[in-house]
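Report on the structure given below.
The values are calculated or read from the model by the stated rules, or taken from the named source; none is laboratory data. Owing to the predicted nature of the structure, the values given are computational and were not obtained by experimental measurement. A quick note on method: Cβ atoms are made from the backbone with ideal geometry, for glycine too, and the neighbour counts reach across all protein chains shown. SASA here: full protein model, heavy atoms, side chains in, ligands and nucleic acids out. Shrake-Rupley method; radii C 1.70, N 1.55, O 1.52, S 1.80 Å.
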Amino acid sequence: MDAAELKGKFAEAFGYDEGIRIFFAPGRVNFIGEHTDYNGGYVLPAALTFGTWAAASTREDGIYRFRSTNFDTKVESDVSEMIYKKEDDWANYPKGVLRELIQLAGPENSKHYHGADILYHGNIPNGAGLSSSASIELVTGLALSKLAGIDIPMIELVKLAQRAENHFVGVNCGIMDQFAVGMGKEGQAMALKCDTLEYDYMPVKIDGYKLVITNTNKQRGLADSKYNVRRRECEQGLEMIKTVIPHVKSLGDVSFEVWEKVRHVIKDPVIGRRVEHVIMENERVLAAMRVLERNDLNEFGALMIQKHESLRDLYEVTGAELDTLFDEASKVEGCIGTCMTGAGFGGCTVSLVKDDEVDTFKERVAEKYTAKTGLVPTFYICEIGDGATEKLKEEKQSRF
Ligand code: GLA
């Protein structure tokens, strides 16, 4: 697909081809800093070159029509009826974003949201932990606000998309995915402190290596409820720490030294493990930032490995499939780092693999993984791309 073909599909779907604008938002991968975002800690994600495209055109009758080349469900709603409906399936993401856009505009400006037709096309595997939902949220926020003639700073769209996911879709995620998808930059990771939203871009120079994403292709099932259980365990851990240091606002503010002094207040071993992961993972992001600055890829890879082990042993969000990928990837010579990425319980790993070992990596990992789990993995070579943007005519258009 390219921009011209997407416009063609739009014309097929909606029966006209005037006034179509094209927008894009990527997926994301997270290197280090897993399950730290909702604990006010650091994360180190990057935007991918694959993502969600949206062809969109404005209407005057207050109707929003949402279609996708990836899903059959078609949804049509009046602007005054942006309510969650189970049968609307994927279209609840754009509906939730539109409701937030209208709220942000307030009574004065909400009249600018007077309808649109929007056709999505995505190439992020769904439910694989690469933020296909944040991608659709951000591309919608950008497209519908631009069509309404309202300029919203990207960081506000990021926060608005998270609100839509939390309040409309009902997933209690942190800010990392929406931030990475909105604010990404080609060739750069983002070191973000999730409570203050202070951030820095950090070049990822991996000459001689490739970033390989491996999808477990496991259906995730109960992931969301387990995610919420982890959040609660962290909140309980924080409350216990507050009994000795009352001014601490989040686990992300507890250094390893402080943790060593206060860990005795957490008597429950499960909660102790969860908190230990968050605190050590936060330290790992800080270490990864230093390592990236001196471009020490071996050390970066070592941190990825420690991250996975911690998510497996302390946070317990990996599971047999991700652990098998991790074990098999670690055995391949030329793979200097590998870990799960995203929420876990299925989804993907990301690995740093020497250029000339990539084929061997794929073969060996696939063979062993299938033998052990009965599932066939999918591999993607990933490039770090830009955040959400309008695709303007004068830019060279790529295929997607
Ligand atoms: C999901 C959530 C994020 C973050 C990660 C785990 O991707 O959407 O907010 O919590 O899991 O790091």
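Worth a mention:
- Ordering Ala366, His264, Gly149 by the projection of their Cα atoms onto the charge dipole of the chain, which places +1 on the Cβ of Lys and Arg and -1 on the Cβ of Asp and Glu, puts His264 at the extreme positive end.
- Only the Cβ atoms of Lys and Arg (+1) and of Asp and Glu (-1) were treated as charged; on that basis the dipole of the chain about its Cα centre amounts to roughly 540 debye.
- Over segment 227-311, relative contact order from alpha-carbon pairs under 8 Å, at least 6 apart, %: 28 percent
- In terms of Cα atoms, the Rg and Dmax of segment 92-139 work out to 13.1, 40 Å.
- The rule of thumb for compact globular proteins, 2.2 N^0.38 Å, goes into the C-alpha radius of gyration of segment 308-400 1.31 times.
- Each of Tyr227, His277, His308 was placed along the dipole of segment 227-311 (beta-carbon charges, centred on the mean Cα), and the one lying farthest toward the positive end is Tyr227.
- Sorted largest first, the spans of the alpha carbon positions of segment 227-311 along the three principal axes are 41, 25, 20 Å.
- Accessible area per residue for segment 227-311 is 48 Å², calculated with a 1.4 Å probe on protein heavy atoms, without ligands, DNA or RNA.
- Principal-axis tilt of helix 320-331 within the chain, Cα atoms, nearest 10 degrees: 70 degrees
- Relative contact order (percent, whole number), the chain, Cα cutoff 8 Å, 6+ residue spacing: 24 percent
- Surface share of carbon and sulfur [accessible, 1.4 angstrom probe, percent] for segment 227-311: 53 percent
- Geometric extent, Cα atoms of the chain - Rg, Dmax (angstrom): 21.4, 67
- Rg followed by Dmax, in Å, when segment 257-381 is reduced to its Cα trace: 16.0, 50
- Neighbour-limited loop hits for trypsin sites (Lys or Arg not before Pro), segment 255-288 (at most 12 other Cβ within 10 Å; DSSP other than H, G, I, E, B): Lys267
- Per-residue SASA remark: Ser398, around 60 Å² accessible (1.4 Å probe; ligands, DNA and RNA not included).
- Sites matching trypsin sites (Lys or Arg not before Pro) across segment 306-400 that sit in DSSP coil, with at most 15 neighbouring C-beta atoms within 10 Å: Lys393, Lys396, Arg399
- Nearest-ten-degree value, helix 297-313 long axis tilted from longest Cα axis of the chain: 90 degrees
- Ellipticity estimate at 222 nm from DSSP helix runs (n ≥ 4, -39,500 (n - 2.57)) divided over the chain, nearest 500: -13000 deg cm²/dmol
- Nearby aspartates and glutamates by direct alpha-carbon distance to Lys393 (threshold 15 angstrom, same-chain neighbours under 8 apart not counted): Asp2, Glu5, Glu18
- Nearest-ten-degree value, helix 223-242 long axis tilted from longest Cα axis of the chain: 60 degrees
- Signed unit charges on C-beta, dipole axis of the chain, positive-most listed residue Gly106, Thr378, Pro125: Gly106
- Between segment 282-340 and segment 197-217, the alpha-carbon center distance in angstrom: 12 Å
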